Amino acid sequence: MVASFGGTGFFPIASGTVASLAACALYVLLPPWPWLILALGATLFLFGVPATGWMAVRYRDSDPSQATVDEGAVMILILAFFPREWGYLALAFLLFRFFDIAKLPPCRRLERLSGGWGIMLDDLMAGVYAAVVLTVIYLTKLMPAWARVPLPDLWF
């Protein structure tokens, strides 16, 4: 269940996108404590390395579509650093999916690393690209006011 991010990897189409959406939903449900969100993302990432490595062996595929903890972990890691607002949530999702699919350098090279490291690190790099764009938007205050709506606080 770890490697497939709670089973999202078994969705028949666009399993990486489904896992990223599931991570966004999980983020909304979590308490608004950045350290907890960061710890969850890091833990998923670290457990994801051996879990996806096992899945690669099991499915005889260097990056099986069933292994989606990489998308889930990185999506949560990105969101930990930005305001809990709908605009940042939506833009983080769109940017991460774009960079994950586009595989800009050095993502392809990282993807070639053996086992779970290759599966996890190429997505982490895509997440870095997404986070850089989001940081520029945040620092330059380019997010429009209509998108700066806070996420619901379900914990207080």
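Worth pointing out:
- Between helix 34-59 and the chain: long-axis angle, C-alpha atoms, 0 to 90°, nearest 10: 20 degrees
- Dimensions in Å of the chain - Rg and Dmax from alpha carbons: 15.1, 48
- Nearest 10 degrees, 0 to 90: helix 15-29 Cα axis against the chain principal axis: 40 degrees
- Between 0 and 90°, nearest 10: helix 69-79 axis offset from the chain longest Cα axis: 20 degrees
- Taking other C-beta atoms within 10 Å as the exposure proxy, T135, T8, T52, T17 rank T135, T17, T8, T52 from fewest upward.
- Cβ-based exposure ranking for F5, F82, in which fewest neighbours within 10 Å come first: F82, F5
- Electrostatic tally near A90: other residues with Cβ closer than 14 Å to its Cβ, Lys and Arg +1, Asp and Glu -1, net +2.
- Rough spin-label spacing in nm, given labels placed 7 Å along Cα→Cβ, for A25 and I13: 1.8 nm
- Amide H contacts of E85 (H built 1.01 Å from N, under 5 Å, at least 5 apart or other chain): L151
- Each label was represented as a point 7 Å from its Cα along the Cα-to-Cβ direction; for L38 and F98 these points are 2.6 nm apart.
FYI, it's all coordinate maths here, none of it is from the lab. As the structure is a prediction and not an experimental result, all values here were calculated from the model. Here the Cβ is made from the backbone with ideal geometry for all residues, glycine too, and neighbour counts use every protein chain on show.
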